[in-house]
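Written out below as structure tokens is the structure these notes cover.
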Amino acid sequence: MAHGWHTVFAYRLVMTSPRSKSLAALIAAAVAGGIVTAASTGSSSATPLKLDGRPFRPELALTSARRAVGLMNRRPAPADGMLFVFPNDTTGGFWMKNTLVPLTIAFFDARGKRVRKLSMTPCRQESCPIYSPRRRYRFALELRSSDTRPAAKLGPLAELRRLARIAS
């Protein structure tokens, strides 16, 4: 994970009539609601994923920008974690720079079979350890360190393939 980017949008409406003020308030609420909804659902999984044969809904990191930020500066980690999806097999490691909570990471191959599982600790220094699977993988799942699921199998295969196709 690397440092993240933040975009701020500002809208200014100048309206003087009572009807215009009501319209402005309605527009402002809709815009704010849309931004909150996009922020909260944009990375959530609406896909029928399974972990060890049981349904789960991790947040999805499908883009390089989302994968770079990961779970930095968040407390607590999502209940079903964050699934990092890569368009191709990779071997890169993960770090815990600016991550506030301990995590477990499970690396999976393109078929959803776990290739390695590691425990990771938060790091606030400039130089942080790299957690490497030392194997090729297509998916990485970060879970709360207290999560007791074995995280041995990710699926179903058709959904994993679809996610890999849309990842960038």
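Side notes on the structure shown:
- Unit Cα scatterers, Debye sum, the range 49-166: log10 I(q)/I(0) for q = 0.12, 0.13, 0.18, 0.20 Å⁻¹: -0.37, -0.44, -0.87, -1.10
- Listed by chain and number, the aspartates and glutamates whose C-alpha is less than 16 Å from the C-alpha of residue 153, apart from same-chain residues fewer than 8 away, are 52, 80, 109, 142.
- Only Lys, Arg (+1) and Asp, Glu (-1) charged, at Cβ; the range 49-166 dipole about Cα centre in debye: 300
- Listed peptides 70-79, 137-146 by packing density, highest first (mean Cβ within 10 Å): 137-146, 70-79
Each value in this text was obtained by applying a stated rule to the coordinates, not by laboratory testing. This is a predicted model, so every value here is computed, not measured. For neighbour counting, all protein chains shown are included, and Cβ atoms are generated from backbone atoms with ideal geometry for every residue, glycine included.
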